[in-house]
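Q: Structure provided below as structure tokens; questions to follow.
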Amino acid sequence: MIIRSALPFVIAIAPLLGAQDKPEADSVVGRGQEISSAVSSVTSTSVSPLLGVTLFGAYQYVKTPAASRGSLPFYARPRVWITLAVLLTLIFLKDTIGGAVPLLKKPLDALEVLIVNKASLVLLALPFMFDQVLPLVGLKSAGRLVSMFEPVAYAGSGLIQTAGNVGVTVLMIAAGIITTIVVWLVGHAIDVLVLLSPFPFVDVLFKGFRAAIVLAILVASMIDRRAGLFISLAVIAVAVLLFSWALRFAILGSVFAWDLLRFMVFASRGNLEREGGIPAFTAARIRGVPKQTFGTLTRDPNGILEFRCRRLGFGPARRIRLDDAICYEVGRGLLYPCVILPNRTGSGYALQFRLTPRYMGAEERLRSKLGMAAIRDIRLRKGLQSFLDWIEGTPDRSRFTAERRA
């Protein structure tokens, strides 16, 4: 609805796009190439800000003559892209060699999700986006952007032209910010998957796929700007479709990363006696509630399990009544406990909720507080099929031990 209502305004002011300090000789083709390059650059760096900004910075530094390097943007300064390259190398070592030491690697994964990724969005991806978008509206720096909004007296059509320029600038910057955040959220979800997964090979697999997308955009845009634009638009379209899921995953990642650091570094555990509900994330679509929705689990006086949540973490409160709590079991996992629903034969189960790492080792107290039937060992065996089972929440039938309680 917002896009549809804004479309006539965009069409009306589009001819003014190049009105600010742009030579009249700029052709339509030239403008199209500039926009294509900007879209490709912003998209690739949003997918992985550390990798994208490092590659762009090094490339721009190398291709710029030595006499002109003093005017390069911040990301093309050697102290920036070399520092980022070192950080990328350390992350790669953590994801490969570090897989042999899970007790050291998982806190580092948590720091990457909680701090490094969010800092890369604010300190790298967004400033890079401004550097790419502002020249499209004839501005060389953010300082010039501020000057556009200063009250200046114009006469006749000059006032209309200035208002049009301001409107175009605001729309393009807003589009750049939205694109950067939406694409970054989907790329960030890969690091959350790595944090949650007990499988060491997943790190290289997923992050390699993300790096391949960045390189595909960059190589395609160097060969043909239209190809780079096409791939970028495809990535943006997929990111928009996955936005709701990626936002829920970002919330899950932040909660799990903080909980994991508290548990593994500071030995902080949840206090079941004082907590009103047990923080949990849905692991499947349950009673219309999407996957990865954050909320709390409680048991009502009649023994029915209830899940309370808010849409996207801040919408109106919802209360979902589930089955009798005795129908569920607590799953003992490698990194965090879960709530599972056994099938009719009892040999398999469906993953229902992921609980936070603070409750590791407190499975019996969880079972007692929520009134569930048993504790089951659901720690997974190694292998690709086990990883696919873990993604889908399907049972690992080769390991079945349930501890029944009276």
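Q: Name the residue that is nearest to Ser254 (Cα to Cα), counting only residues in the range 320-365 that are polar (S, T, N, Q) and more than 30 Å from the chain's Cα centre (by Cα).
A: Across the range 320-365, the extreme among qualifying residues is Asn343.
Q: In this structure, does Gly30 turn out to be within 23 Å of the chain's Cα centre (by Cα), modelled with pLDDT under 90 and small (Gly, Ala, Ser)? Break it down into steps so the answer makes sense when it comes.
A: On the way: within 23 Å of the chain's Cα centre (by Cα): no; modelled with pLDDT under 90: yes; small (Gly, Ala, Ser): yes.
No: the conditions fail for Gly30.
Q: Also: Is there a residue in the range 196-212 that is in the same structural domain as Ala100 (by TED's automatic domain parsing), part of a helix (DSSP H, G or I) and among the hydroxyl-bearing types (Ser, Thr, Tyr)? I'd like the intermediate steps shown before the answer.
A: Step one: filter the range 196-212 for residues in the same structural domain as Ala100 (by TED's automatic domain parsing), giving 196-212.
If we keep only those that are part of a helix (DSSP H, G or I) too, we end up with 196, 202-212.
Adding the requirement that they be among the hydroxyl-bearing types (Ser, Thr, Tyr) leaves none.
No, every residue in the range 196-212 fails to be in the same structural domain as Ala100 (by TED's automatic domain parsing), part of a helix (DSSP H, G or I) and among the hydroxyl-bearing types (Ser, Thr, Tyr).
Q: Moving on. Is it the case that the range 305-319 has a residue that's over 31 Å from the mean Cα position of the chain (by Cα) and either among the small types (Gly, Ala, Ser) or not assigned by TED's automatic domain parsing to the domain that holds Ser244 (or both)?
A: No, there is no match, as no residue in the range 305-319 is over 31 Å from the mean Cα position of the chain (by Cα) and either among the small types (Gly, Ala, Ser) or not assigned by TED's automatic domain parsing to the domain that holds Ser244 (or both).
Q: Of (1) at pLDDT 85 or above; (2) small (Gly, Ala, Ser); (3) under 30 Å from Asn117 (Cβ atoms); (4) not assigned by TED's automatic domain parsing to the domain that holds Ile115, Ala250 satisfies all except one. Which?
A: Unmet condition: (4).
Q: Select from the range 347-361 the residues that are surrounded by fewer than 18 Cβ atoms within 10 Å (Cβ to Cβ) and assigned to a loop (DSSP other than H, G, I, E, B) and write down the one among them that is modelled with the lowest pLDDT.
A: Result: Ser347.
Q: Which residue pairs have Cβ atoms under 9 Å apart, sit 6 or more places apart or on different chains, and have a first residue in the range 182-201 that is free of Cβ contacts under 8 Å to residues at least 60 places away in the same chain and a second that is among the β-branched types (Val, Ile, Thr)?
A: Listed by first residue and then by second, the contacts come to Leu193/Val202; Leu193/Ile391.
Q: Please state which one of Leu159, Leu134, Leu124 is farther than 24 Å from Arg354 by Cα, of a type in the set (A, V, I, L, M, F, W, C) and modelled with pLDDT of 90 or more.
A: Leu124
Q: Shifting gears a bit: Quick one: what pairs do we get from the range 264-289, first residue closer than 19 Å to Ser254 by Cβ and among the hydrophobic types (A, V, I, L, M, F, W, C), second modelled with pLDDT under 70 and assigned to a loop (DSSP other than H, G, I, E, B), C-beta under 7 Å, 6+ apart or different chains?
A: What qualifies is Ala283/Gly393.
Q: Of everything in the range 176-210 that's among the polar types (S, T, N, Q) and modelled with pLDDT of 90 or more, which residue is farthest from the chain's Cα centre (by Cα)?
A: If we take residues in the range 176-210 being among the polar types (S, T, N, Q) and modelled with pLDDT of 90 or more, then Thr179 is farthest from the chain's Cα centre (by Cα).
Q: Ok, one more. Only one residue in Arg344, Arg319 is at pLDDT below 85 and either in a loop (DSSP other than H, G, I, E, B) or surrounded by fewer than 15 Cβ atoms within 10 Å (Cβ to Cβ) (or both), so which one is that?
A: Numbers: Arg319 fails: at pLDDT below 85.
After applying the criteria, what remains is Arg344.
Q: Given the structure, is Leu123 of a type outside the set (S, T, N, Q) and under 24 Å from the mean Cα position of the chain (by Cα)?
A: yes
Q: Please work out if Ile173 is at pLDDT 85 or above, surrounded by fewer than 16 Cβ atoms within 10 Å (Cβ to Cβ) and assigned to a helix (DSSP H, G or I).
A: Details: at pLDDT 85 or above: yes; surrounded by fewer than 16 Cβ atoms within 10 Å (Cβ to Cβ): no; assigned to a helix (DSSP H, G or I): yes.
Considered against the rule, which asks whether it is at pLDDT 85 or above, surrounded by fewer than 16 Cβ atoms within 10 Å (Cβ to Cβ) and assigned to a helix (DSSP H, G or I), Ile173 comes out as no.
Q: Check whether at least one residue in the range 100-108 is modelled with pLDDT under 90, assigned to a helix (DSSP H, G or I), under 18 Å from Lys207 (Cα atoms) and in contact with a Gly (Cβ under 6 Å, 6 or more places away or on another chain), and report yes or no.
A: There is at least one residue in the range 100-108 that is modelled with pLDDT under 90, assigned to a helix (DSSP H, G or I), under 18 Å from Lys207 (Cα atoms) and in contact with a Gly (Cβ under 6 Å, 6 or more places away or on another chain).
Q: Would you confirm whether or not the range 260-276 contains a residue that is touching a Ser or Thr at 6+ places or on another chain (Cβ under 8 Å) and surrounded by fewer than 19 Cβ atoms within 10 Å (Cβ to Cβ)? Full working, then the answer.
A: Of all residues in the range 260-276, those touching a Ser or Thr at 6+ places or on another chain (Cβ under 8 Å) come to 262, 270, 276.
Filter once more, keeping what is surrounded by fewer than 19 Cβ atoms within 10 Å (Cβ to Cβ): 262, 276.
Yes, the range 260-276 has at least one match.
Q: Within the range 277-299, work out how many residues are surrounded by fewer than 18 Cβ atoms within 10 Å (Cβ to Cβ) and at pLDDT 90 or above.
A: The qualifying residues number 1.
Q: Go through the range 64-77 residue by residue and tally those that are more than 13 Å from Val53 (Cβ to Cβ) and outside any loop (DSSP other than H, G, I, E, B).
A: Adding up the residues that qualify gives 6.
Q: Which ones in the range 219-246 are over 21 Å from the mean Cα position of the chain (by Cα), surrounded by fewer than 21 Cβ atoms within 10 Å (Cβ to Cβ) and assigned to a helix (DSSP H, G or I)?
A: Val219, Ala220, Met222, Ile223, Arg225, Arg226, Ala227, Phe230
The values are calculated or read from the model by the stated rules, or taken from the named source; none is laboratory data. What you are looking at is a predicted structure, and each value in this text was computed from that prediction instead of being measured. Don't worry about glycine lacking a Cβ; one is built from the backbone with ideal geometry, like all the others, and counts go over all protein chains shown.
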